[in-house]
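So the structure is just underneath, and the comments pick up after that.
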Amino acid sequence: MRKLPAALTVAVLLAMPLSSAHAAPPTADTPPMGWSSRALGCSVSEASVRQAADNLAPLAQAGYRYVILDGCWQGPDGNADPARFPSGIKALADYVHGKGLKLGLSLSAGTKACAGAGRGSYKHEADDAAMVRGWGVDYVKYDWCAIPTADFPGKGTRDIAQTLYPPMRQALGDSIAFAMNNEEGSTVPWLWGKDVATTWRTNLVTRPIADTYANMLSVWETAMLRVDYAGKGSWADPDLIQAGLGGMTEAEYRSQFSLWAVAAAPLILQADPAKAPAPIVANPKVVAVDQDKLGAMGRFAQTDGWYHVITKPLENGDLAVVLFNESDRQTTISVKASRLKLPDASRYRVEDLWTGAVWSTKGDLSAAVPGHGSVMYRLTPSREHAAPLVSFDLDPAKFLGDNRPSVFEPGKPVEVAATVTNTGGTERLRDVAVTLAVPDGWTATPRTDSTTRGLDAGETFTARWAVTAPAGAEQKTYDLTGAVTAAGGVKLGGAAVARVAQGPGSGKSYISDLTWTKSANYWGPVERDQSVGGKGQNDGAPLTIGGVKYAKGLGTHAPAEIEFYTGGRCSTVEFQGGVDDEVGDAGSVDLEVWADGGRAAHSGILTGAQPAKKVTADVTGARYVRLVVTNGGDNATSDHADFGEAAITCS
């Protein structure tokens, strides 16, 4: 194969008009599904990939086809690393193909691979494309690493990306899926990627998704800004599916999968396929929404920042709907038919794609959605008989935006309500009965009737109990469970989270002696009566600011947050705040006190070169108090913040 001199290659790339570089991306009627080796990092090997292919094969029937080597497969010359892949990529591709699967590889548009010893494809586009085609590779993930910006004088990041990506796309040909992975906001791939790539990333910055709810949420929110740019054949990619890694709850993993499916996003697993929970990742009805041939990307039908309704029209005229509760507390999410833009019909079949329950509605939808959870429906115009959609909410929030579980102080009764609504309205609900179950040792005393003879369309029935946690109950969260039944076999369960908490005693208490409702810390855990130290628990030193040691207090690393319940009975929080001496003069932080939803006091920016600063905050009447640390506007390096002698005064 004839190779162009390096200087001439760059000149050709710079001179190439964007329009001539573009060609339609390889045909991909539905978003790609498969597995990525990213979680293995540079421990990836021929044996581990073969094992992953073995484990993915049972999921092929669900649509998972691609086995993707995400880095660390190359040697310095760009070929397969003989130590990691002794049989070579061609033999690996043959093995994967023998399982009924397809093989993918990562390459870099720059001078070096993103991970490992491999070189990039810059100035080697034609050679590398011919190489992977010869191996039988089916998918190329083209990364954005080690870009030689000096070779493109006067060009911005977007211009460089639009110069480098199309040539590789053309060189690969139409038979290889091309995943454009330029995770760099300034390349704005959503504006032009549809003309080049099978998939393109939605991120603003180079930030692969981490296995936490907060990170998943941030990536999803960014992806939702790109709905106008994705479409059939060129899919918006918000990154990998995390289910099976262990950093999120089952409800959070279901939410991610629901949100990705309704967005027509690629479904690429990061966990070992054997550990990815099949009830989530291989739910055929949810996967079918993602793989729907119409290729529509879900859009907001309704949102207020906490509670979201996303809809996706389907090829056969059905409508997929996700009700997603971003907040920490269960809430009822309702949407009127007028917002859903349903196909014209007087009645709709409503199928819950996670539970399999089937209801009917005239068009309105409503469900009690757990915190961080989601409900996914498929609506079909139909006159078949099914019970009207029932909404059942146990311990509903007292006000819109209430983001915390109800608190039960030991020995004190708390009223718990359960509401039932005939949301579907296709017929009258008859003989409605509500039950409540509480943890062992708790009591629930009825305050109202728990049955009603019937509910017409849109009507709501509420039952109430006085619920008491026993004296000495451990301060943690518990589950309350309930159920509603009605004539015709209607039965629906529900749950609510109850938190047992005890406010501080009267007088002055050290905050490090209290039980917190939650805490978060950038580097390791929050420490009691010692500095944050390293990433482990209890590995700090005495709290020391400006040479002064404090026997009591909290050690943190910005950004950090510690929340504790005060029950409206406290008045003052005070502490000596600053950067711990263990980081020297480095670090810059702001230490804050929040009373419920408002900031009550803060230290202002403090650095490691400054002595401690006394902070006093009025928290009168607050149900919750939070101590918060933010960085000083730069980065989080060395931001070890101490709350020396932190104390709260209560009545």
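The values are calculated or read from the model by the stated rules, or taken from the named source; none is laboratory data. Since we're looking at a predicted model, the values are computed, not measured. Glycine gets a Cβ as well: all are built from the backbone with ideal geometry, and neighbour counts include every protein chain shown. Accessible surface is based on the protein model in full, side chains and every heavy atom, while ligands, DNA and RNA are left aside. Shrake-Rupley method; radii C 1.70, N 1.55, O 1.52, S 1.80 Å.
Here are the numbers for this structure:
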| read-out | value |
| --- | --- |
| Filter result (closer than 21 Å to Q610 by Cβ and either part of a loop (DSSP other than H, G, I, E, B) or not aliphatic (A, V, I, L, M) (or both)) within segment 534-550 | G540, A541, P542, T544, G546, G547, K549, Y550 |
| Restricting segment 140-170 to residues that are over 17 Å from E125 (Cβ atoms) and in contact with a helix residue (DSSP H, G or I) (Cβ under 6 Å, 6 or more places away or on another chain), the residue that is least open to solvent (accessible area, probe 1.4 Å) | T157 |
| Selection count, segment 376-400, where residues are at pLDDT 95 or above and open to solvent by 20 Å² or more (accessible area, probe 1.4 Å) | 4 |
| Failed item in (1) open to solvent by 20 Å² or more (accessible area, probe 1.4 Å); (2) touching a Lys or Arg at 6+ places or on another chain (Cβ under 8 Å); (3) modelled with pLDDT under 95, with Y95 passing the rest | (3) |
| Strands (runs of 3 or more DSSP E) contained in segment 409-474 and holding at least 1 residues in contact with a Gly (Cβ under 6 Å, 6 or more places away or on another chain) and under 30 Å from V335 (Cβ atoms) | 414-422, 429-437 |
| Failed item in (1) open to solvent by 60 Å² or more (accessible area, probe 1.4 Å); (2) in contact with a Lys or Arg (Cβ under 8 Å, 6 or more places away or on another chain), with D54 passing the rest | (1) |
| Those residues of segment 211-246 which are out of contact with any helix residue (DSSP H, G or I) (no Cβ under 6 Å at 6 or more places or on another chain), under 20 Å from S37 (Cα atoms), small (G, A, S) and buried (at least 19 other Cβ atoms within 10 Å of the Cβ), in sequence order | G244 |
| Those residues of segment 624-640 which are assigned to a strand (DSSP E or B) and touching a Gly at 6+ places or on another chain (Cβ under 7 Å), in sequence order | H640 |
| Residue tally, condition under 19 Å from W523 (Cβ atoms) and open to solvent by less than 10 Å² (accessible area, probe 1.4 Å), over segment 609-645 | 7 |
| Unique residue being open to solvent by 40 Å² or more (accessible area, probe 1.4 Å) and touching a residue at least 60 places away in the same chain (Cβ under 8 Å) when the list is E582, E574, E563 | E574 |
| Matching residues, segment 173-191, being free of Cβ contacts under 8 Å to residues at least 60 places away in the same chain and either of a type in the set (K, R) or at negative phi (or both) | M180, E183, E184, G185, S186, T187, P189, W190, L191 |
| Selection count, segment 111-137, where residues are in contact with a helix residue (DSSP H, G or I) (Cβ under 8 Å, 6 or more places away or on another chain) and assigned to a loop (DSSP other than H, G, I, E, B) | 7 |
| Inter-residue pairs, beta-carbon under 8 Å, first among the hydroxyl-bearing types (S, T, Y) and in segment 406-420, second open to solvent by less than 20 Å² (accessible area, probe 1.4 Å), 6+ apart | S406/D395; S406/V416; S406/A496; S406/A498; T419/S391; T419/F392; T419/D393 |
| Residue list for segment 138-172, restricted to those being without any contact (Cβ under 8 Å) to a residue 40 or more places away in the chain and among the β-branched types (V, I, T) | V140, I147, T149, T157, I160 |
| Candidate set from segment 175-193 (those that are modelled with pLDDT under 90 and part of a loop (DSSP other than H, G, I, E, B)); member that is most open to solvent (accessible area, probe 1.4 Å) | E184 |
| Pairs, first modelled with pLDDT under 95 and in a helix (DSSP H, G or I) in segment 215-234, second among the aliphatic types (A, V, I, L, M) and open to solvent by 40 Å² or more (accessible area, probe 1.4 Å), C-beta under 7 Å, six or more apart | T222/L204 |
| Tally of residues being open to solvent by 20 Å² or more (accessible area, probe 1.4 Å) and either of a type in the set (K, R) or in contact with a Phe, Trp or Tyr (Cβ under 9 Å, 6 or more places away or on another chain) (or both) across segment 335-351 | 7 |
| Pairs with Cβ under 7 Å, 6+ apart, first in segment 452-465 and modelled with pLDDT under 95, second basic (K, R) and part of a loop (DSSP other than H, G, I, E, B) | none |
| Segment 410-435, residues that are more than 26 Å from W306 (Cβ to Cβ) and open to solvent by 20 Å² or more (accessible area, probe 1.4 Å) | P410, G411, K412, P413, T426, E427, R428, R430, D431, A433, T435 |
| Those residues of segment 485-514 which are open to solvent by 70 Å² or more (accessible area, probe 1.4 Å) and farther than 29 Å from D393 by Cα, in sequence order | S506, K508, Y510, D513 |
| Filter result (in contact with a Phe, Trp or Tyr (Cβ under 7 Å, 6 or more places away or on another chain) and among the basic types (K, R)) within segment 413-465 | R447 |
| Pairs with Cβ under 6 Å, 6+ apart, first in segment 585-613 and touching a residue at least 60 places away in the same chain (Cβ under 8 Å), second in a loop (DSSP other than H, G, I, E, B) and open to solvent by 20 Å² or more (accessible area, probe 1.4 Å) | P611/G546; A612/G546 |
